[in-house]
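First comes the structure, then the notes that go with it.
The values are calculated or read from the model by the stated rules, or taken from the named source; none is laboratory data. Fair warning: this is a prediction, and the values are worked out from it, not measured in the lab. As a convention, Cβ positions derive from the backbone with ideal geometry for all residues, glycine included, and neighbour counts pool all protein chains shown.
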Amino acid sequence: MELFSYLEKYDYEQVVFCQDEESGLKAIIAIHDTTLGPALGGCRMWTYASEEDAVLDALRLARGMTYKAAASGLNLGGGKTVVIGDPKTHKSESLFRALGRYIQSLNGRYITAEDVGTNVHDMDTIHMETNYVTGISKAYGSSGNPSPMTALGVFRGMQATAKTIFGTDDLAGKTVAIQGLGSVGYGLAEHLKNAGATLVVTDINEEALKRAQTQLNAKVVGPTEIFDEECDVFAPCALGAVINDDTIERLTCQMIAGSANNQLAESRHGDILHEKGILYAPDYVINAGGLMNVADELEGYNPERAQKKVDSIYQIMQEVYRVSSEQKIPSYQAADHMAEARIESLRKVRSTYIKHAK
């Protein structure tokens, strides 16, 4: 890839390649934009098909974090870490401590957190080398696993979307098809069950499916069948790019609201949804609860204050739909415009973030 051309096209500030032979660390830290504040974004560990794929994933995810923080009203920029390796076999204390030293060397321009393939224990190990990490154990005064807050935020965003479509945010009696029952997807399913919704679920994890069937009275379907289920709401909570040329023609829902990142395979799919009258909850807005939660740690974690921030996703989603309606543009464009407008307004009064020495 033409790396510098890509960085220039999307206005990236910095990319750090991290290598430690002794621990086997191979990682990329991408910092997209720090206009609003230090870049905060999770640390993902994955077995990528190529090093170029890993770099592209880090860049794409970092840019998404910029938009997520801006749309959420947080004083944070966007960044991401990608560690190349199998999270089941390649983790070690030395690897994450080496990564922690690289993060420390950025002197606060980037703050990490857990993501796909990493957990609270990994963040605790990174914390041995740097304070620029969130989502560490509650024993350190942190919030621990942010998944419950992410699930709550998606539920609140789904309520706001329902209000726009159905005229009420009451989800009782609505059928919600959930693709993915990881920690966030299952948490969302629990909120929906308590709200009186009917659940249709799928996942590759048979144990999670059995739990949903037994505890939540959910209907279980195959991974490819979920797109054909009659439902009011489709909730992608697993892979990205699930809204594509094939699936759009199969969906019967009136709204899409889930926790997965990068749900639209291409931007034009957001246009197609708009034309079909299917209201799409922009993923980086509705799934921002986890970011809001760990961001609160930077002020000294307060659970009540963090939940209040997560609850604000309801109002933010309503504003997205208001802008979409007034400007007659798809909801994903409305969210982008809101995030970009906030960054540009503050770019005039704030320069690139550099932590000042005490």
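So here's what we get for this one:
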{"item": "Qualifying residue in the stretch 87-105 (condition: in a strand (DSSP E or B) and surrounded by 18 or more Cβ atoms within 10 Å (Cβ to Cβ))", "result": "no"}
{"item": "Residue within the stretch 108-125 that is touching a His at 6+ places or on another chain (Cβ under 9 Å), crowded, with 24+ Cβ neighbours inside 10 Å and farther than 20 Å from Ser72 by Cα present", "result": "no"}
{"item": "Test: residue in the stretch 141-154 that is over 16 Å from Ala260 (Cα atoms), buried (at least 18 other Cβ atoms within 10 Å of the Cβ) and touching a Phe, Trp or Tyr at 6+ places or on another chain (Cβ under 9 Å)", "result": "yes"}
{"item": "Those helices (runs of 4 or more DSSP H) lying entirely in the stretch 267-326 with at least 3 residues among the small types (Gly, Ala, Ser)", "result": "289-296"}
{"item": "Subset of the stretch 56-88 [closer than 22 Å to Trp46 by Cα and of a type in the set (A, V, I, L, M)]", "result": "Leu56, Ala58, Leu59, Leu61, Ala62, Met65, Val82, Val83, Ile84"}
{"item": "Hits in the stretch 16-34 - residues which are in a loop (DSSP other than H, G, I, E, B) and either in contact with a Lys or Arg (Cβ under 8 Å, 6 or more places away or on another chain) or at pLDDT below 95 (or both)", "result": "Ser23, Thr34"}
{"item": "Among (1) over 29 Å from Glu340 (Cα atoms); (2) without any contact (Cβ under 8 Å) to a residue 40 or more places away in the chain - the single one Gly85 does not satisfy", "result": "(2)"}
{"item": "Criterion violated by Asn194 - all others in (1) touching a Gly at 6+ places or on another chain (Cβ under 7 Å); (2) free of Cβ contacts under 8 Å to residues at least 40 places away in the same chain satisfied", "result": "(1)"}
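Rundown of residues vs (1) closer than 23 Å to Glu319 by Cβ; (2) hydroxyl-bearing (Ser, Thr, Tyr); (3) within 24 Å of the chain's Cα centre (by Cα), yes/no style:
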{"site": "Glu206", "(1), (2), (3)": "no, no, no"}
{"site": "Lys210", "(1), (2), (3)": "no, no, no"}
{"site": "Val220", "(1), (2), (3)": "no, no, no"}
{"site": "Thr224", "(1), (2), (3)": "no, yes, yes"}
{"site": "Glu229", "(1), (2), (3)": "no, no, no"}
{"site": "Ala257", "(1), (2), (3)": "yes, no, yes"}
{"site": "Ala265", "(1), (2), (3)": "no, no, yes"}
{"site": "His269", "(1), (2), (3)": "yes, no, yes"}
{"site": "Leu279", "(1), (2), (3)": "yes, no, yes"}
